[in-house]
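Scroll down for the structure; my scribbles are underneath it.
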Amino acid sequence: MLAFPQIDPVLIRIGPLAVRWYGLMYLLAFGVGYLVIRGLGRRRNVAMADTTASDLLFHAMLGVILGGRLGYVLFYNPGYYLRHPLRIFAVWEGGMSFHGGLLGVVAAVLIFSYRKRLPVLLVADIMAAAAAPGLFFGRIGNFINGELWGRVTDLPWGMVFPGAGSAPRHPSQLYEALLEGLVLTVVLLLLHRRKVAHGVPFFTFFLLYGVFRFAVEFVREPDAHLGYLWAGATMGQLLSLPMIGLGIVGLMLVLKKKKALR
């Protein structure tokens, strides 16, 4: 069993102000995302000036925040927020859904591409690669906060998380940081390096994230108020299935179109 590192969630205190590790992870995610957008814009011959890249990142940030919050409300706790609608705006209490944030980013990319008259799939490809490092930083933030822990395990790297009882648990946040963050980032950047057909990185993101999240959910503790749902699956697994399906169908259509154009 490994000891959980007791890291203060607050990085720096300046009087009444507190800079938290989780907030820093968001800043790192958006900063690295901006660099990825600029670099891939040049590599894929998209007109991504500084202002254009900043505009795309701003659209994505709005998509993440609005989509993530609404996704949590609709997917994870609709009954509570139906009874307390004003609590929807209490974002400081926590409660964000990745799948909702993803839908928000997709909507943001569509709006941005239409306004700037840029190829939608190529912009989506770039945005997918820019988002993957953010998943890494986000899961590291979850780990530092000691939240979203895994199920009980007797494996030697199990950890006792504060507030999760005395039994060692899977550090599922680190599993997700590795798979959904680092591995997915490397795969997407390699696809961009090969300048694959438009849409391949985007739909690969859907496919691989869905597979990775579905797999990790087997060792991640489900939300306490939801538990196990249909056929013993978690909400995370049920929401990942459409992503896997969309990724497979999208890749098949893109590759079929590429083959037809040869």
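The values are calculated or read from the model by the stated rules, or taken from the named source; none is laboratory data. Bear in mind the structure is a predicted one, so any value in this text is a computation, not a measurement. All Cβ positions, glycine included, derive from the backbone under ideal geometry; neighbour counts span all protein chains shown.
Quickly run through region 177-186 and pick out the residues that are within 18 Å of Ile244 (Cβ to Cβ) and crowded, with 16+ Cβ neighbours inside 10 Å. Matches in region 177-186: Leu179, Glu180, Leu184. Of all residues in region 112-119, one or more are among the hydrophobic types (A, V, I, L, M, F, W, C), in a helix (DSSP H, G or I) and buried (at least 16 other Cβ atoms within 10 Å of the Cβ).
Is it the case that some residue within region 195-216 is under 28 Å from Met1 (Cα atoms), surrounded by 21 or more Cβ atoms within 10 Å (Cβ to Cβ), among the small types (Gly, Ala, Ser) and free of Cβ contacts under 8 Å to residues at least 60 places away in the same chain? Within region 195-216, none of the residues are under 28 Å from Met1 (Cα atoms), surrounded by 21 or more Cβ atoms within 10 Å (Cβ to Cβ), among the small types (Gly, Ala, Ser) and free of Cβ contacts under 8 Å to residues at least 60 places away in the same chain. Within region 223-240, if we keep just the residues that are surrounded by fewer than 18 Cβ atoms within 10 Å (Cβ to Cβ) and modelled with pLDDT of 90 or more, the residue that is farthest from the chain's Cα centre (by Cα) turns out to be Ala233.
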